[in-house]
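Only one structure is covered here, and it is reproduced in the block below.
A short reminder: the numbers here are calculations on the coordinates, not readings from a lab. Everything quoted here is computed from the prediction, not taken from an experiment. Virtual Cβ from ideal backbone geometry, glycine too; neighbours counted across all protein chains shown.
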């Protein structure tokens, strides 16, 4: 089951400050999307989406500074593979309207990441 990097998010304690930093340093632009303190990032990498968002916790674990989400073809198969190979599901798969089904997991090294079965293929 192939799974490529499709999304990253930069978690910030001060979202406006983080936006200014990435706008100035890398020339990114941002648009509000979804919940409060969530901004979609336009970057120059085709097919890779980004965000700057307020820091939160998932499954009792504080999210790291930068998080990644891997695109998968079958979310149920990804969950089974995560658990069969020593990973831990932190938040059961849930649907994000217009995007897909997302699961948060912890790998064997304690890293937290997401796996998403997108509703549309990567561009």
Angle, helix 15-26 long axis vs. longest principal axis of the chain, Cα atoms, 0 to 90°, nearest 10?
80 degrees
Rg to Rh ratio, the range 1-43, alpha-carbon atoms and Kirkwood radius?
1.04
Please find the FRET efficiency linking residue 70 to residue 17, where r is the Cβ-Cβ separation and R0 is fixed at 30 Å, and quote it to the nearest 0.05.
0.60
Mean residue ellipticity (222 nm) of the chain, computed from DSSP H runs ≥ 4 via -39,500 (n - 2.57), nearest 500:
-5500 deg cm²/dmol
Report, for the range 4-118, the % of DSSP beta bridges that are antiparallel, rounded to 5.
75 percent
Give me 40, 29 sorted ascending by neighbouring Cβ count inside 10 Å, so fewest comes first.
29, 40
Write down, largest first, the equivalent ellipsoid semi-axes of the range 79-123 in whole Å, where each equals the square root of 5 times an eigenvalue of the alpha-carbon gyration tensor.
21, 10, 9
Potential lengthening between residue 96 and residue 38 on full extension [0.36 nm per residue; Cα-Cα distance subtracted]:
19.5 nm
Would you look at the GNM of the chain, springs on alpha carbons closer than 10 Å, and say which of 24, 43, 69 moves the most?
24
With everything on Cα atoms, drop me the angle between helix 75-84 and the longest principal axis of the chain, reported from 0 to 90° to the nearest 10.
70 degrees
Of 89, 58, 103, the one that fluctuates the most in a GNM where the chain has Cα springs shorter than 10 Å:
58
Can you give the Rg/Rh ratio of the chain, where Rg is from the C-alpha atoms and Rh is the Kirkwood radius?
0.96
